[in-house]
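Please read the structure below before turning to the comments.
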Amino acid sequence: MATTFHIVQRMAPGGIESIVLDLARLDPDVRVVSLESDRASLVKAWPPLAVLGERLITLSKPEGLTPGLWLSLAALFRIHDVRAIVTHHIGPLVYAGIAAVAARVKRRIHVEHDGWHYAGAKRRILARMIEKIVAPRRVAVSSVTAGQVANALGTLRQTVIPNGVDLERFRLRSRHKACQRFGLPENRKLIGLVGRLEHVKGQDVLIDALGRLDRTTHLVLAGDGSTRATLAAQVLALGLSERVHFMGSISEPEALYPAFDVFCLPSRAEGFPRTLIEAQACDIPVVACDVGGAKEAVCPSTGRLVPAERPDLLAEALTQTLEMPSAVSPRQFVDPTFSNAIMVDRYRALIDA
């Protein structure tokens with residue numbers, strides 16, 4: 001049977017990779033190609049990948065330009081009778097896009113998960129060159145992302161397909177059980193954030209905002225990354241050690257979200273942040289920085305948006321959300337517009353068109 005290949009740089013825990021994993025889970029004709037690393041290492045670092053079995057293909061790409069990878073991918077596409085490729089981000093587009101042309105794969109789709117990575121002139125020049133060679137159908141995860149890409153690369157035909165979530169997995173659960181499971185204080189107001197600990201995600205801004213809030217308010221940071229030590233030092237310097245809980249990487253975020261009184265995303269840049277949808281599917285209100293497609297992922301009745309890099313305004317929005325909870329359920333905004341089923345159907349329709 002003809003298959004669809006989704007190609008990512010490295011199948012490690014992250015927003016893009018979680019979306020690809022869900023697409024593969026829901027469609028048995030989908031295979032996932034990770035340009036970097038090997039299957040054993042990836043599954044060890046992210047156990048949910050084990051469900052893919054042989055459908056997870058790894059190419060162990062070394063760092064830097066790897067010309068031979070085009071030939072390997074083209075051969076792979078021919079062997080598996082690939083009917084469509086879907087690339088995620090510029091690296092996979094460069095390698096798999098050109099390989100698909102060589103292997104005469106007619107359905108070539110590229111997904112733009114954000115537009116801010118086109119800020120550099122070199123990246124824009126490369127993308128325009130690849131556009132002429134590969135001519136992929138383009139998907140953007142938000143209208144804002146589509147606009148950013150159009151501004152960077154010129155007028156392009158794009159289809160907007162927002163990221164979906166599993167509405168059975170992410171749903172209302174017991175706060176008591178969530179706090180017990182993760183060792184969190186039930187008698188405190190909990191602000192939560194699930195995401196990579198990286199500068200672009202803005203955890204430092206949220207920690208600054210926490211220092212402006214009542215001492216009964218705590219912060220829960222789930223995830224790991226390169227800024228972990230810097231953030232820990234900031235917490236110590238601000239005297240917030242007893243109020244900030246570093247959880248590390250969480251394999252089941254759906255079990256943690258219900259512990260939160262509010263979910264906060266203080267990012268400096270985003271595409272279409274799936275964590276906002278996950279939190280709201282669990283009936284948790286959100287506060288986010290107004291960057292990228294965040295505004296398209298926030299319930300207008302229960303959520304709040306603030307400018308990036310403004311811990312003062314972030315603290316104010318968090319206080320309002322905690323002290324004046326809405327009678328409206330944020331899940332009503334999510335269900336059914338942002339379901340995984342709708343996302344999968346939209347990708348299938350695009351591939352079959």
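Summary table
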read-out	value
In degrees, nearest ten, helix 68-79 long axis to first principal axis of the chain (Cα)	80
For region 194-246, alpha-carbon Rg over 2.2 N^0.38 Å	1.02
Fraction in percent of alpha-carbon pairs per bin - 10 Å, the chain	5, 24, 33, 24, 11, 3, 0
Two-decimal ratio, region 220-273, of alpha-carbon radius of gyration to 2.2 N^0.38 Å	1.24
Segment Ala327-Arg215, extension gain: residue separation times 0.36 nm, minus the distance between their alpha carbons	37.8 nm
For a label point 7 Å along the Cα-to-beta-carbon line of Leu153, residues of region 61-102 with backbone N under 11 Å	87-91, 93-94
Whichever aspartates and glutamates have a C-alpha closer than 18 Å to that of Lys189, once near sequence neighbours (fewer than 8 apart) are set aside	Asp208, Asp214, Glu242, Asp261, Asp283, Glu316, Glu323
Kirkwood hydrodynamic radius (C-alpha pairs) into Stokes-Einstein, region 299-345, 20 °C and 1.002 mPa s, D in µm²/s	171
Whole-angstrom Cα spans of region 3-99 along principal axes, big to small	31, 29, 21
Residues of region 61-80 with amide N under 12 Å of a point placed 7 Å along Cα→Cβ from Asp38	61
Net charge contributed by nearby residues that have their C-beta within less than 11 Å of Leu49 (K/R +1, D/E -1)	+3
Environment charge at Glu323 (Cβ cut-off 10 Å; Lys +1, Arg +1, Asp -1, Glu -1)	0
Highest-first arrangement of 14-23, 332-341, where packing means the average Cβ count within 10 Å	14-23, 332-341
Sum of -39500 (n - 2.57) over DSSP H runs of 4+, divided by residues of the chain (222 nm, nearest 500)	-10500 deg cm²/dmol
Rounded to 10°, Cα long-axis angle of helix 143-153 versus longest principal axis of the chain	50
Inter-label distance, nm, simple model (7 Å from Cα along the C-beta direction), Glu54/Ala119	4.5
Square roots of five times the Cα gyration tensor eigenvalues for region 175-334, Å	20, 18, 16
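Every read-out reported here was derived from the displayed coordinates using simple, explicitly stated rules and does not represent laboratory data. This one's a predicted model, so the numbers in the text were calculated from it and none came from an experiment. No Cβ is skipped: glycine too gets one built from the backbone with ideal geometry, and neighbour counts run over all protein chains shown.
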